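Structure first, commentary second.
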Amino acid sequence: MVPRCLTVAGSDSGGGAGIQADLKTFTALGVYGMSAITSITVQNTEGVFGVFDLPPEVVYNQIKVVAQDIGVDSAKTGMLSNTGIVLAVARAVRDLGIQNLVVDPVFRAKSGDLLLREESVEVLVRELFPLALIVTPNIPEAEVLCGDRIRNLRDAENCAKKILEMGPRAVVIKGGHMEGDKVIDLFYEGGLEVHYFVDDRVETKNTHGTGCTFSAAICALIAMGMDLKRAVRKAKDFVKRAIETNPGIGKGHGPLNHMWRIEPCVREFISSEPST
């Protein structure tokens, strides 16, 4: 049976982040994607111009019907927007016994627009983190969670340990916001050992949806049976290649090329003779 992945997130009308990025990533990695939409955003590469949150019960029921019918091998959360939605998602995960949950604590869009109300952060930590296999904050999000500035790798290590105490089985702090020609992601799942994944920085403004894509790739790879540490490393590789081959779309922070892995297959199909 094909692995089944569920994304619970907001809809990005520009197609670069949120539900759209997650489903593209699922497809590119060969898993069956399902979605529960939490919010509809009026969004493009230049910013977020409006947000309409769905009722929490609608979010709950979206998760319920696909889980009961199709089944869920792994799931991820992105934009949850408000306390009611966070509580509905946590209730659904518990009620339906959803395992392998990747929590991407999305607080702000690339443009700086707020995507999770400040009063909901505490609820997110309390309700969802203990249910999570892994939490994937970037540096600014990790600083909010820990209440401390992250200026170097030692600060990041201390923060990762604090986040692990909040309940998830593992945490990865994405290092893209740190200065330097290297991007260093920190992976921690307890004990004395901290793992670092290091890559050269790709100089481009087109990085819209990197966090969504990264967490979706982890979700897909876990559903395929990959161990967590390797899934994080492979997800980082997937995102880097998607950034390197970005299509240069839009006037602001453009999207990634989620389909880079299957583009050769598409070209081959188009160039082949139609069947008779």
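Taken together, the values in this text are just the output of simple stated rules run on the coordinates, not laboratory data. A quick note: this is a predicted structure, and the numbers were derived from the prediction, not measured. All Cβ positions, even for glycine, are placed from backbone atoms using ideal geometry, and neighbour counts span all protein chains on display.
What is the spread of the Cα atoms of segment 77-230 along each of their three principal axes, largest first, in whole Å?
Principal-axis extents of segment 77-230 (Cα, largest first): 44, 34, 28 Å.
Quick one: SER275, SER120, fewest Cβ neighbours within 10 Å first, how do they rank?
SER275, SER120
For segment 4-271, count all C-alpha to C-alpha pairs, find those more than 25 Å apart, and express that count as a whole percent of the total.
When every Cα pair of segment 4-271 is considered, 39 percent fall beyond 25 Å.
Gain in length, VAL65 to HIS177, computed as 0.36 nm per residue apart minus the alpha-carbon separation, to one decimal in nm?
36.5 nm
What number in nm² do you get for segment 34-138 if you take the convex hull of its Cα atoms and divide its surface by four?
6.4 nm²
On the principal axes of its Cα set, how long, how wide and how thick is segment 196-237? Give whole Å, largest value first.
Each principal axis gives a Cα extent; for segment 196-237 these are 33, 20, 11 Å.
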